[in-house]
Amino acid sequence: STPCLAFSMSLGVADYSIRDSLTVQIFFHRNHYDIDPDFSSNGINLSVFLHNLDSLSQRSYIEIDSTVYVRAASSIEGRSNKNLLLSRNRASSLTQLFQNQSEFKPKLVDTLAVGEDWDKLADMLCASTLRYSEDALDIVENTPQYVCRNGKIVGGRKDALMKMRSGRFWWTMD
């Protein structure tokens, strides 16, 4: 999964106004919410991000109106309620890291824990060369997350992906 810590700002210099953003992606080990700086270049990416952010905020000629957006997610494996909790914990870890390691203090920190990141999976499937990835993308884009009958969940998007090609595609995605 790819939680993202993003900084969005409006810069005002003299009579000009510019809207820009800095972003960084932080990756987590499966089923974990602690940030490992040695995993997937997290440490380097965070260092560059925080340096750029702090150097911008120290420029006296720049007026910054800012919000930090923290979006955290999990992969689709596992139970949805556990994935939502995992993404909430990841958002909290990212927010704490930002608040503890950055000199910059934004006006607002806006967090969003999305649980299972279906949008990211769709992006990955679009770029994939895996056989049947187009079929999987069709499921992700056109199957409801949950299918209910008589008040009970009887299937849905994840179930359809797990059953696609007798489960072979599901295990190929891993």
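The values are calculated or read from the model by the stated rules, or taken from the named source; none is laboratory data. None of these values were measured; they are calculated from a predicted model. No Cβ is skipped: glycine too gets one built from the backbone with ideal geometry, and neighbour counts run over all protein chains shown. In case anyone asks, the SASA skips ligands and DNA or RNA and just uses the protein heavy atoms, side chains included. Shrake-Rupley method; radii C 1.70, N 1.55, O 1.52, S 1.80 Å.
Of note:
- Cβ-Cβ contacts under 7 Å between residues 6 or more apart (or on different chains), taken from a first residue in segment 142-155 that is without any contact (Cβ under 8 Å) to a residue 24 or more places away in the chain and outside any loop (DSSP other than H, G, I, E, B) to a second residue that is among the small types (Gly, Ala, Ser) and open to solvent by less than 100 Å² (accessible area, probe 1.4 Å), are listed as 147/155; 147/156.
- Conditions (1) within 19 Å of residue 164 (Cβ to Cβ); (2) of a type outside the set (A, V, I, L, M, F, W, C); (3) touching a residue at least 24 places away in the same chain (Cβ under 8 Å); number of the one not met by residue 111: (1)
- Leading residue by the ranking (farthest from residue 82 (Cα to Cα)) among those in segment 100-138 that are open to solvent by less than 90 Å² (accessible area, probe 1.4 Å) and among the polar types (S, T, N, Q): 102
- In segment 146-174, the residues that are open to solvent by less than 80 Å² (accessible area, probe 1.4 Å) and either touching a Pro at 6+ places or on another chain (Cβ under 8 Å) or under 20 Å from residue 132 (Cα atoms) (or both): 156, 157, 158, 159, 160, 161, 164, 167, 169, 170, 172, 173
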